[in-house]
Each structure stands twice: as C-alpha cells, then as structure tokens.
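This report refers to the structure that appears directly beneath it.
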Amino acid sequence: MSIDPKTYEYANDVLKGRIILITGATDGIGKALALHAATLGAQVILHGRNTGKLEAIYDEIESIDGAPRPSIAVLDLATADGDAYSALGKSIEDEFGRLDGLVHNAGILGQRLSLEQYDPGEWQKVLHVNLTAPFVITQQLIPALRNSEDPSIIFTSSGVGRVGKPFWGAYSVSKFGTESMSQILANENRHTSLRSNCINPGPVRTNMRLEAYPAEDRDALKKPGEILAAYVYLLGPDSKGVTGESFDIQ
Ligand code: NAP
C-alpha cells in the first residue's frame, strides 16, 4: 500500500538517530519543523542568519524532554562567500561524520511586480538566496550525505514553481529552478541511496505568506506545525526509494 505523505502517521521516535540540517530554521515552517524533528528524536542542525533567533530555538529544543542537543550553523545566504559554504560542509563532516537529512527551506519573496518593473538587483538576490545558495549547500554537503545509509534532501517549492503567474517574478523563477534542480539531482543519483524530492507547502500562516497576501484572513490558514507530516515522511525510513517527486501537501 502506498503512503500519502499528507496523512502520514508515524511513531514518536521515527527520526531517532538521524542528523538533519534545516535551512531557515529561525521562523515559519523551518522553525516548526526543527522543533518537531527534535521531539521525534532527530539531532537537528539549525541554520539561520540571525544568531539571537537561532539561540532562542536552540534553548527551546534543549528544554524538550529527551530531544538530542541541536547545533547551530550561522550563514547569511545573501552574502556568504564560497569559503563559508565549504566551512559548513567541513564542520558537519568533522563533527558528525555524516548527514542524513537536508531540508532547503530558507527563502525570500522578493518584489511582487511585473517583469517590466522588476528591479534587476532584487532579481539577482532572490535567485541567489532561493536557488544558487541551495545548490552550493547541496554540493558542499553531498560528501556528508553519502556517508549516511539513507540520505534524503528536501527542496521547498511553491505553486508558482509550476505555473508562471503574473507578478511573482524572481520568486516564481527560483521555484521553477528548484523543481528542476531536485529532479536533476534525483536522476543523477538513481544508482545511489541519495534521494531528492520537492515539497510545495501550500498556503501556510507565516511572515512570508503575510507579505505576499497582506489582506488575507490569516486565521483561515494552516499553521506551520500542522503541515509537517510530509516532511517527516521524506526525512524518515518509510520513504526509502522515493526520489524525483514533487509533493503538494495541502
Ligand atoms: P518565513 O517565515 O519568512 O521564513 C523564512 C526563513 O528563511 C527564515 O528562517 C529566514 O530567516 C530565512 N532566511 C531568509 N533569508 C535568509 C538569508 N539571506 N540567509 C539565511 N536565512 C534566510 O517563510 P516560510 O513561509 O516559513 O517559508 C519557508 C519556505 O516555504 C520558503 O522556501 C518559501 O518559499 C516556502 N513556501 C511558503 C509558503 C507559505 O505559504 N508560507 C508557500 C509556498 C512555499 P530570518 O528568521 O532571519 O528572517
């Protein structure tokens, strides 16, 4: 029987022993996932650009009964240089020896303007943070992922990663690119245990969604903690062999 990631049910230690890096773990979906993964037994590497926010989540995880102690990786994806990315890869290999899960979650919205009006500098920044940075992080972390028995990468897509809607500019283009990057990686690794999939979270009550839809009724939206089953599924053992897919989870 095939599993529906949306309604996946799991044991409360399903991620026990797994080492998982989550980018953008300081807010929204990434923060909720970091806290939840830690309660499920994962050793979480919290990535973010803001040390104060990272330390607050670190403390929250430390106060969860039985949760493994997390780690912190500070890297501003808009400004970090090549050396900073290779230092990230090296520090994970040195400290843990392997990586079992990599969740590319950090992202920015950019301008909501027509292509005619879109600022080229902003375009470059959005593509850099949302697409180029995940590429470089993946490249640097593949050696550690290959040391895992069951390595899983999740890229975060969007509905506008499949349909080019007006006024979604660089964000939409970055998410189309994300879908293709995940497929390329999956197809290049069909003969290995490394799997790569996309999740489109759908509308979720976060700061990014508020920025995109300021007039919307926020109470009608799901909270980040309510959409995590598919992430847990793809990070855990029950999705072994699943690769090259893109999941809409609402
Ligand atoms: P969010 O609440 O705005 O969180 C974004 C995260 O990315 C934050 O942790 C933020 O850090 C981090 N980030 C942004 N720029 C960064 C940079 N330069 N360097 C390092 N970290 C950076 O957004 P969200 O809604 O949870 O979005 C998470 C993912 O889901 C994104 O990829 C988004 O495109 C996708 N998504 C969301 C929705 C939705 O409805 N919410 C729908 C479809 C797809 P700070 O805390 O420092 O700001």
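Just so you know, all these numbers are worked out from the coordinates, no wet-lab data involved. Just so it is clear, the model here is predicted, and its values are computed rather than measured. Heads up, the Cβs are rebuilt from the backbone with ideal geometry, glycines too, and the neighbour counts pull from every protein chain shown.
So here's what we get for this one:
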| read-out | value |
| --- | --- |
| Cα pair distances exceeding 25 angstrom across the stretch 1-147, given as percent | 33 |
| Loop GluC sites (Glu not before Pro), the stretch 143-250, which have at most 11 other Cβ atoms in a 10 Å radius of their Cβ (DSSP) | E149 |
| Length-normalised contact order of the stretch 5-248 in % [C-alpha pairs under 8 Å, at least 6 apart] | 21 |
| Length released on extending from E216 to V163, taking residue separation times 0.36 nm less the Cα-Cα span | 16.9 nm |
| Ranked packing of 2-8, 57-63, most packed first, by mean Cβ within 10 Å | 57-63, 2-8 |
| J(HN,Hα) series, the stretch 226-232, from Karplus relation 6.51 cos²θ - 1.76 cosθ + 1.60, nearest Hz, glycine and proline x | 9, 10, 8, 4, 5, 5, 4 |
| Fully extended contour minus Cα-Cα distance, from E226 to A56, at 0.36 nm per residue | 59.1 nm |
| Value in Å of the Kirkwood radius, where the stretch 184-250 supplies the Cα pairs that are averaged | 13.7 |
| Length-normalised contact order of the stretch 68-164 in % [C-alpha pairs under 8 Å, at least 6 apart] | 42 |
| Amide hydrogen neighbours beyond the local backbone of S71, cut-off 5 Å, H modeled | V44, I45, L46 |
| Spin-label model distance (nm) - I72 vs R98, 7 Å beyond Cα toward Cβ | 2.8 |
| Estimated inter-spin distance, F135 and D13, nm [label 7 Å along Cα→Cβ] | 4.2 |
| Three-way shape call for the stretch 136-248 based on the alpha-carbon gyration tensor, with the a/c threshold at 1.5 | prolate |
| Residue-by-residue Karplus 3J(HN,Hα) for the stretch 116-128, coefficients 6.51, -1.76, 1.60, Hz, glycine and proline x | 4, 9, 5, 6, x, x, 5, 4, 5, 5, 5, 5, 5 |
| Rounded to whole Hz, the Karplus (6.51, -1.76, 1.60) HN-Hα couplings of the stretch 70-82, x for glycine and proline | x, 10, 10, 10, 9, 7, 7, 5, 7, 10, 4, 9, x |
| Rounded if a/c under 1.5, otherwise prolate or oblate - the chain, Cα gyration tensor axes | rounded |
